[in-house]
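Written below as structure tokens is the structure these notes are about.
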Amino acid sequence: MQLGFFTMPIHPLDKDWRQSLREDREAFMLADALGFAEGYVGEHVTDAAENITSSAMFIASLARDVKRMRLGTGTVNLPNIHPAHVAAQIAMLDHLLDGRLNFGISPGGLLSDSEAFGNLDADRNAMFLEAIDMILALWSQEPPYDLAGRFWSLTTERTMMPDIGQGIVAKPLQKPYPPIVVTAVAPFSKGVTAAAARGWEPISANFLMPKWVASHRGRYIEGCEQGGRAADLANWRVAKSVFVADDPAVARDYATRPDSPYVYYYRQLLTKMKAGGRANLFKEDQDMPDDAVTLDHVVDRLVIFGTPDKVAEELLAFRELTGRFGTLLYAGHDWADPALARRSMELMAEKVLPMVNDAEKGREAAQ
């Protein structure tokens, strides 16, 4: 198992934006120094708590400081942006990163973003598919372009001047394009199957109950079969909220006290999901009434905390349920206590990950 980083940062509303951005950047640089394989960052435009407004812009700010780790948009919310803009920005970003970019895409999940961009009542899944098809066409075709869809049309035919380079959309450094990943947030996600059939790879979200994360495994294999390729579960990524400390009492307190950044994170998500009619993401039984989906219920089931040996034991149990996946994406949370937050990442990389991998090697040898 590899270790990665995924943050959809949710910060206190009264926190200085400069400080939260600085700490978010420091988390990526620390992950890189600790040997994390890759790191992803989300984006929202209309949320004062989830205040990274452009994943591409944020990643560009890390281009010189993150030396080894691959970086990924997690995700670009395609219905909200013109496909030509996305194609050009992602191509440039891939060059800035010297080909270390993973292109994470989605239809977008924040309803206030959808309202602001005028697509709240639109078929955002259809917009998402049309957008990515146009982006891939721009990266594979030569200009002038002639792309006409239901939501966007794109051509540079009338203004093309190839001798000076006008009318040409840039292509990424990686050929034919950066790896495409999608974040799956639904039980038995059909999106995982559709993505895998197209050669894309899934990330299972950290706010899904473990049994629903396990449901993505079969969907991924099914999609790979549809796409005529072998399913490589090393390409399946799973995000998880984890906090590790040297002292068990400190771990419990930081992860579960009322003002915990982990509790704050899930309070925000639970409120948003319930308001959007998506409380089912937090249910182990889909017949469970929404009122029974409490904050304590969610935090108890979705946050792993403790000393390194306890966290390793719980992650091994989690993988027994889900089946093996290639990369555990350590979910980023607000640095309410920067020293504890940093120490957690250090213990995760230096203690927990080796324990998990050594235990699994032992199991393989015994079989």
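The values are calculated or read from the model by the stated rules, or taken from the named source; none is laboratory data. Source: prediction; values computed, not measured. Don't worry about glycine lacking a Cβ; one is built from the backbone with ideal geometry, like all the others, and counts go over all protein chains shown. Each accessible area value is taken on the protein alone, full model and side chains, heavy atoms only, with ligands, DNA and RNA left out. Shrake-Rupley method; radii C 1.70, N 1.55, O 1.52, S 1.80 Å.
Out of the residues in the range 203-215 that are outside any helix (DSSP H, G or I) and open to solvent by less than 10 Å² (accessible area, probe 1.4 Å), state the one that is farthest from Tyr266 (Cα to Cα). Before the answer, list the steps.
Of the residues in the range 203-215, the ones outside any helix (DSSP H, G or I) are 203-209.
Going one step further and asking which of them are open to solvent by less than 10 Å² (accessible area, probe 1.4 Å), we end up with 203-206, 208-209.
Numbers: Ile203: 19, Ser204: 16, Ala205: 13, Asn206: 10, Leu208: 11, Met209: 13 Å.
The extreme case among them is Ile203.
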Looking only at the range 134-186, which residues are in contact (Cβ under 8 Å) with a residue 12 or more places away in the chain, under 22 Å from Leu97 (Cα atoms) and assigned to a loop (DSSP other than H, G, I, E, B)?
Ile168, Val169, Ala170, Lys171, Pro172, Leu173, Gln174, Pro176, Tyr177, Pro178, Pro179
Quick one: count up the residues across the range 38-82 that are surrounded by fewer than 18 Cβ atoms within 10 Å (Cβ to Cβ), among the aliphatic types (A, V, I, L, M) and farther than 18 Å from Glu115 by Cα.
3
What are the residues in the range 299-348 that are assigned to a helix (DSSP H, G or I), touching a Phe, Trp or Tyr at 6+ places or on another chain (Cβ under 6 Å) and surrounded by fewer than 22 Cβ atoms within 10 Å (Cβ to Cβ), if any?
Val299, Leu340, Ala341
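Of everything in the range 1-37 that's basic (Lys, Arg) and more than 18 Å from Met69 (Cβ to Cβ), which residue is surrounded by the most Cβ atoms within 10 Å (Cβ to Cβ)? I'd like the intermediate steps shown before the answer.
Within the range 1-37, the first condition is being basic (Lys, Arg), and the residues that meet it are 15, 18, 22, 25.
Still in the list and also more than 18 Å from Met69 (Cβ to Cβ): 15, 18, 22.
Details: Lys15: 16, Arg18: 8, Arg22: 12.
Among them, the one singled out is Lys15.
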Any residue at all in the range 84-101 that is surrounded by 22 or more Cβ atoms within 10 Å (Cβ to Cβ), under 22 Å from Ala205 (Cα atoms), in contact (Cβ under 8 Å) with a residue 24 or more places away in the chain and within 18 Å of the chain's Cα centre (by Cα)?
yes
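Any residue in the range 134-146 that is under 26 Å from Gly39 (Cβ atoms) and in contact with a His (Cβ under 9 Å, 6 or more places away or on another chain)?
no
If you check Leu136 against the conditions, is it out of contact with any strand residue (DSSP E or B) (no Cβ under 7 Å at 6 or more places or on another chain), closer than 22 Å to Tyr177 by Cβ, at pLDDT 95 or above and open to solvent by less than 80 Å² (accessible area, probe 1.4 Å)?
Details: out of contact with any strand residue (DSSP E or B) (no Cβ under 7 Å at 6 or more places or on another chain): yes; closer than 22 Å to Tyr177 by Cβ: yes; at pLDDT 95 or above: yes; open to solvent by less than 80 Å² (accessible area, probe 1.4 Å): yes.
Against the criterion (out of contact with any strand residue (DSSP E or B) (no Cβ under 7 Å at 6 or more places or on another chain), closer than 22 Å to Tyr177 by Cβ, at pLDDT 95 or above and open to solvent by less than 80 Å² (accessible area, probe 1.4 Å)), Leu136 qualifies.
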Got at least one residue in the range 221-232 being under 29 Å from Gly277 (Cβ atoms) and part of a strand (DSSP E or B)?
no
When only residues in the range 121-131 that are under 25 Å from Pro9 (Cα atoms) and open to solvent by less than 70 Å² (accessible area, probe 1.4 Å) count, which is nearest to the chain's Cα centre (by Cα)?
Phe128
Gly218 open to solvent by 10 Å² or more (accessible area, probe 1.4 Å), of a type in the set (Gly, Ala, Ser) and not in a helix (DSSP H, G or I):
no
Filter the range 247-298 for residues that are charged (D, E, K, R), open to solvent by 80 Å² or more (accessible area, probe 1.4 Å), closer than 25 Å to Ala317 by Cβ and in contact (Cβ under 8 Å) with a residue 24 or more places away in the chain and give the result.
Arg252
